[in-house]
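Just so it is clear, none of the values below were taken in a lab; they were calculated from the coordinates. Predicted, not measured: the structure shown is a model, and the values here were computed from it. No Cβ is skipped: glycine too gets one built from the backbone with ideal geometry, and neighbour counts run over all protein chains shown.
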């Protein structure tokens, strides 16, 4: 995640933040020289990414959604989206897609200004988002020489993972994905190498879960949405399975442990949050174009997000799932099957209800994304259901991922303030 | 006396309500929001305090037994004369501001002709003023900008022809000056205006000569009452601009929910269609907000849409409803986009559709959009209260009644004639409650 923009005003720059910044910059540098160095490049998406497996074939890993959001945080996505629209993409198309295609059209310079490489493999792990498939179809048109691999992950329509589903994914890995990766990279698959990476993944996952669950403390030492998107950065992208990620999470965990011991609230761009007035669970991705402004609307009111579903898109770990070195391919299958985007509405609703109870939250807020069908479908239904089950007030706001035109600060602020005041009104009466 | 004030800064109008310590509404004030929320809040509050003063007059005059059956006539005359005095005062200010503006070097080529023309315009505008406030006179608006603007425009067009001064120069001077005039609050002179209005009233109603002294004494007594601004709560889009601390600000969702509950105790669902937003709010038996939904990102189907339509058709906003009510057949309109409103209208007209049928279709389209927001908020529960400026529009109300019945069956629908003040009413109630709960913060 990008901390560059924040660094200038962040009151406390913790080691983990610097570490993450370095990791991200290094990866962009790596990507920029990959073609000339002869390193193969794989593009893949965050949900269901099989990063450890890509690492087994020495692929450099490129994540188009992350590029889009990084560009948005650097105020570059607006122009890219318009460029894509000029070439015929509708206003309703996912803005991650348009930002990515627009970036290519405008000279394919990445968020840090370095050139982005031509991919050698488009690794589509299909975990519930149909747009991802169309996205890579469009990217493939730009790179006709590039191979595409598709891992079809069955949707958890009944809310659980069956043996058949797992076997189906493992079969594809063995018969299609791994042979394709071998062919493109020229590297022979070594399952022990995969096991080694998974040992690292496990450690990092344990620490990540500690960090996310630290929000059960009062006050919460973290913001599990605005802070959370930084915490998930390495593990959701090119770094899961690396020692760099393991180190990052060990450092982060120590920092959070210290905050818990000191009884401190979360760090915001304007320093430590003083009073925790509202504990909120958030569903849906954040807005990236006005990330700081959006966050400010929360911490100015004393609202802290204690749990969020967005921090589960690249893997749900707080239910106990870990990558398993003993069963590497099966655990990759379970990982993909268990991604938040692959869950059905009842499972997502259960998860939200559980978060409200476990994290002693005051209510649920849904940030519905205009151009994200995958997340947005059914959200109102979920809201009503969670409201009914928990008796806690819920609210609905609408923004967009990376299109700056769809963030209306006055509207969002108005609704958020109304929501917080609504919580406080209900609380006063209960008292 | 203690006054608890709620101010609702809307996108189109700013409203204020003054309440006493027993939660009785004493006065209401409204003004156009201009581009200056501070001023709009100040003006609305000032107007609500004047209205409060009139409420006190009315109570006091009831004690003047000698007034007898002249009471209503007297109060009506007094109020109209007061509005006239207020209007004349602002007119003098506008005259001086325009004269000053005319001295700008860009107008030198018109020389003394321009000065004379301006003087001529203002003389005639002032002369016509009493007619505007005569008994039974209809004004299209109560805001100075609208009344004076319309007078100035008509008269200066005639004067321009006679005096050989370009009309656009006169209009230009007005445009430059009205903003300054509109952004001044005339709090200091209220009592003088009231006394002048009283003099005028007593002259106009010679029958009252025998009780004149008694009336004068009562008026003086009321003027002596100090209206203390005990606690002020601000709400609405411009609330952040209010010079109050956070404790004095509530969201309009909470204020509208509570305001509707105060007006109709059994309200469970509130629909508010304002200038640029539509709110659907569910409240419990105590007026506490359970959930809410608002229009997102775009003001399609809000009050402003009707404003554009009125402009396109060159009729007053308040004339739209009655025209639509003449409709005899349904025209289906799908677009509630404010920007497309004009195109939609012209397109329909060119197809030979009847004007009132089109307007009825447009009103229905707005309400259809509100119905969607209502259903997203959790549906319509008995009783249902409709508030906001659009609640004054009979065609909108008629479409709403029809659609509510169609979708939710028999539901009691409440519409208060003062529903535009719902948010401010909720605000003033919060102000009163705040003092009951937090006595140390009693002074705003």
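Using only Cα atoms, locate the centre of region A:195-254 and the centre of region A:268-328, then give the distance between them in Å, rounded to an integer.
12 Å
Can you tell me the length gained on complete extension of the stretch residue A:373 to residue A:141, counting 0.36 nm per residue apart and subtracting the Cα distance?
81.2 nm
Quick one: if the Förster radius is 30 Å, what FRET efficiency do residue A:360 and residue B:433 give, using the C-beta to C-beta distance and rounding to 0.05?
0.60
How far apart, in nanometres, would the label points at residue A:274 and residue B:119 be if each is projected 7 angstrom from Cα along the Cα-to-Cβ direction?
Placing both labels 7 Å along Cα→Cβ, they lie 6.2 nm apart.
Would you mind telling me the antiparallel percentage of the DSSP bridges in chain A, rounded to 5?
Values: 3 of 31 bridges.
Bridges in chain A that DSSP calls antiparallel: roughly 10 percent.
Classify region A:1-153: rounded, prolate or oblate, from the alpha-carbon gyration tensor (a ≥ b ≥ c, eigenvalue square roots; a/c under 1.5 rounded; otherwise prolate if a/b is larger than b/c)?
Taking the square roots of the gyration eigenvalues as a ≥ b ≥ c, region A:1-153 is oblate.
As I understand it, the value is the acute angle between the Cα axis of helix A:191-213 and the longest principal axis of the Cα atoms of chain A; what does it come to in degrees, rounded to 10?
Its long axis makes an angle of about 10 degrees.
Pop a pseudo-label 7 angstrom from the Cα along the beta-carbon direction at both residue A:134 and residue B:340 and give the gap in nm to one decimal.
2.0 nm
Using only Cα atoms, tell me the angle between helix A:95-105 and the longest principal axis of chain A; keep it within 0 to 90° and round to the nearest 10.
With rounding to tens, the tilt is 40 degrees.
Could you work out how far apart the two model spin labels at residue B:325 and residue B:106 are, taking each label as a point 7 Å from the Cα in the direction of the beta carbon, and quote it in nm?
For residue B:325 paired with residue B:106, the spin-label model returns 4.5 nm.
Kindly state, to the nearest 0.05, the FRET efficiency for residue B:171 paired with residue B:36, given R0 = 22 Å and r defined as their beta-carbon distance.
Efficiency computed from Cβ-Cβ geometry: 0.50.
Taking every DSSP beta bridge that has both residues in the protein assembly as shown, what percent is antiparallel when rounded to the nearest 5?
DSSP beta bridges in the protein assembly as shown are roughly 40 percent antiparallel.
Between region A:379-431 and region B:351-388, what's the alpha-carbon centroid distance in Å?
24 Å
Based on the Cβ-Cβ distance of residue B:188 and residue B:59, what FRET efficiency does E = 1/(1 + (r/R0)^6) give at R0 = 22 Å, to the nearest 0.05?
Working: r = 25 Å, r/R0 = 1.15.
With R0 = 22 Å, the Cβ-Cβ based efficiency is 0.30.
Fewest first, what order do A:191, B:273 take by the number of other Cβ atoms within 10 Å?
The order, fewest Cβ neighbours first, is A:191, B:273.
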